[in-house]
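Please read the structure below before turning to the comments.
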Amino acid sequence: MEEDVIFIHGFISSSAFWTETLFPNFSESAKSKYRFIAVDLLGFGRSPKPTDSLYTLREHVEMIERSVLEPHKVKSFHIVAHSLGCILALALSVKHPASVKSLTL
């Protein structure tokens, strides 16, 4: 059974930070054991840039829940985060303590 790993990028970045540098270098063994999910935070990469958002911590966490956890049926997961993503990773960990298997900041 695959384990989910969510990658959260930093400020002035996007999911490409992970998908273009790290993901291509994963071994076949890692690819068969884990499902890698790279998030585009609100207003970054291909994520929507809402005009009515204050881009708060809560809005970012809710966006990750709505766009990743719920549609991909992610129940337990590892988090790998960089820069601004670390703050969001900590907030996700606090909100979903039973679901986070590991946290790499």
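The values are calculated or read from the model by the stated rules, or taken from the named source; none is laboratory data. None of these values were measured; they are calculated from a predicted model. Cβ coordinates were reconstructed from backbone atoms using ideal geometry, including for glycine residues, and neighbour counts include every protein chain displayed. Accessible surface is based on the protein model in full, side chains and every heavy atom, while ligands, DNA and RNA are left aside. Shrake-Rupley method; radii C 1.70, N 1.55, O 1.52, S 1.80 Å.
Output the residues belonging to segment 22-44 that are polar (S, T, N, Q) and within 25 Å of residue 91 (Cβ to Cβ). Selection gives nothing.
The set of residues in segment 1-21 that are in contact with a helix residue (DSSP H, G or I) (Cβ under 7 Å, 6 or more places away or on another chain), closer than 17 Å to residue 104 by Cα and among the charged types (D, E, K, R) contains only 3. Of the numbered criteria (1) touching a helix residue (DSSP H, G or I) at 6+ places or on another chain (Cβ under 7 Å); (2) modelled with pLDDT of 95 or more, the one residue 33 fails is (1). Among the residues making up segment 53-72, none is modelled with pLDDT of 95 or more and either in contact with an Asp or Glu (Cβ under 6 Å, 6 or more places away or on another chain) or at positive phi (or both). Of the helices (runs of 4 or more DSSP H) lying entirely inside segment 3-105, those containing at least 2 residues that are among the aliphatic types (A, V, I, L, M) and either in contact (Cβ under 8 Å) with a residue 60 or more places away in the chain or open to solvent by less than 70 Å² (accessible area, probe 1.4 Å) (or both) span 57-64, 84-95. Residue 102: modelled with pLDDT under 95, among the small types (Gly, Ala, Ser) and at negative phi, yes or no? The answer is no for residue 102.
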